[in-house]
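What follows is calculated from the coordinates using simple rules that are stated; it is not laboratory data. Just so we're clear, the structure is a prediction, and the values are computed from it rather than from any experiment. Heads up, the Cβs are rebuilt from the backbone with ideal geometry, glycines too, and the neighbour counts pull from every protein chain shown.
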Amino acid sequence: MNVFKFMVPEIIFGKGTLGLIGESARRLGATKVFLVSDEGVSRAGWVEHAVKHLKQVGLDYQVWTEPTPNPKDYEVERGKEVYLDTGCDAVIGLGGGSAVDAAKAVALLATNGGKIIDYEGVDKIERPLPPLICVATTAGAGAEVTQFTIIVDSERKVKMTIGSKSLVPDIAIIDPMVLSTIDATLTANTGMDALTHAIEAYVSVAATPITDVLALKAIRLVSSSLRASVASRTNTDAKNAMAMASLLAGVAMSNAILGAVHAMAHPLGGLLNLPHGEANAILLPHVMRFNMIACMDRYADIAQTMGVRIEGLSTREAAEKAIEAVERLCTDIGAAQKRLADYGLEEQHILELSKAAAGDVTLITNPRDATVEQIADIYRAAL
Ligand SMILES: [Fe+2]
């Protein structure tokens, strides 16, 4: 068994738990909260809802909704200025992966200073962050429980992965009620992100018995509930199951880390501003085929967990069924129905993208070593 540690925030899960945001912030010693969210979450009414609960406990606050999908370096650096200028002493991230990642980056810069690029990589953060609460408004990103933030370097047009246990929020709130305002496309994309987290964590070279249990449970929940969650905004059982799947997959991937799908999706998101979950959904079957020789038995487990009958099949046949099950799920929910070329990817981009993917920290835990040329071939297969 490898030596490992396991990081997790305090987790508050369940319908209506968004209402605990104020008392959670008070408990951490906050007096003025910097509430980071985005326009979409604000339009859906959740920022107003959160502010009501901050006021209820007498907390002062500053709302900041400037981060865009795939948050940029200059956005979070401006956010830090607003945080400091308005005298805040705690950060709340309320949103999907983008708003939560932006909140983490603002909190990092608020006490550590400098530019966000200074922290690219692992364990570069030296000073503690202000109290940090993250609230998930989508079921998939998992950023509310992870030790990572992903920020676009606008000059290089790549997503930087920043990893440190300092980025694990103090408190993560997961309230399935907020999923009722998300449309079918975002539900499908974020659900595929959760499935990708679970699959990459399960086959990661850093997987542990703890992350295995979480990843398999997440795969089971996505397989049984994502279709129903995409089909109806009001199916509360499906929303609860997907909120739990996202949470479990998030904790699994924060600790087992990820693999080639995320390593390849990050530069794609930086170059094309492609939604992260859609990039994952397009790449996942191709990366699974590439990784097959490294982890056939684990793919067979995934097939079985996704409801495939594997009795009488060889390990290889069962592993191939896992890839088919992923593709069938994508077809059913309308994910990955386009190719990368439809989003503007051209052959001339592939070498640069492949070099960026080869240098992404999430590639380190991929079960099969991948050269730049092999990564380029996977991009071409999805072009
Ligand atoms: Fe992801």
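Some observations on this one:
- Over the chain: helical MRE at 222 nm, DSSP H runs n ≥ 4 each giving -39500 (n - 2.57), nearest 500: -16500 deg cm²/dmol
- Computed from label points 7 Å out along Cα-Cβ, the spacing between SER180 and ASP369 is 5.3 nm.
- One decimal place: the segment ARG316-ILE293 gains 7.4 nm when fully extended, by the rule 0.36 nm per residue minus the C-alpha distance.
- Surrounding net charge for HIS49, when Lys and Arg each add one and Asp and Glu each subtract one, Cβ distance under 14 Å: +2
- By the count of neighbouring beta-carbon atoms within 10 Å, fewest first, LYS165, LYS15 end up ordered LYS165, LYS15.
- Violating pairs (Cα-Cα greater than 24 angstrom) within the set LYS72/LYS217; LYS239/LYS338; LYS115/LYS157; LYS5/LYS80; LYS5/LYS72: LYS72/LYS217; LYS239/LYS338; LYS5/LYS80; LYS5/LYS72
- Förster radius 41 Å - calculated FRET efficiency between GLU48 and LEU383 (Cβ-Cβ, nearest 0.05): 0.40
- Neighbour net charge for GLY93 - beta-carbon separation under 12 angstrom, K R +1, D E -1: -3
- Surrounding net charge for PRO67, when Lys and Arg each add one and Asp and Glu each subtract one, Cβ distance under 13 Å: -3
- Point-charge dipole on Cβ atoms (K/R +1, D/E -1) for segment 10-178, about Cα centre, debye to 20: 220
- Candidates TYR343, TYR119, TYR83: whichever shows maximal mean-square fluctuation once the chain is modelled as a Gaussian network with Cα springs under 10 Å: TYR343
- Most positive-pole-ward Cα, MET177, ALA356, ALA376, against dipole of the chain from beta carbon charges: MET177
- Exposure proxy ranking, count of Cβ atoms within 10 Å, fewest first, for ASP301, ASP123: ASP123, ASP301
- In the chain, Cα pairs under 8 Å separated by at least six residues give a relative contact order of 16 percent.
- Two-site FRET efficiency, THR236 against GLN348, from Cβ-Cβ distance with R₀ of 56 Å, rounded to 0.05: 0.75
- Label-point separation, PHE4 to LEU84 (7 Å along Cα→Cβ), nm: 3.9
- Extension gain from GLN62 to ASN273, taking 0.36 nm per residue of separation minus the Cα-Cα distance: 73.2 nm
- Of all stretches in the chain that contain no GluC sites (Glu not before Pro) in a DSSP loop with at most 13 other Cβ atoms within 10 Å, the longest one is 156-310.
- Of the trypsin sites (Lys or Arg not before Pro) in segment 329-383, those whose Cβ has at most 13 other Cβ within 10 Å and which sit in DSSP loop: LYS338, ARG339
- Cα centroid separation, segment 1-76 to segment 98-148 (Å): 12
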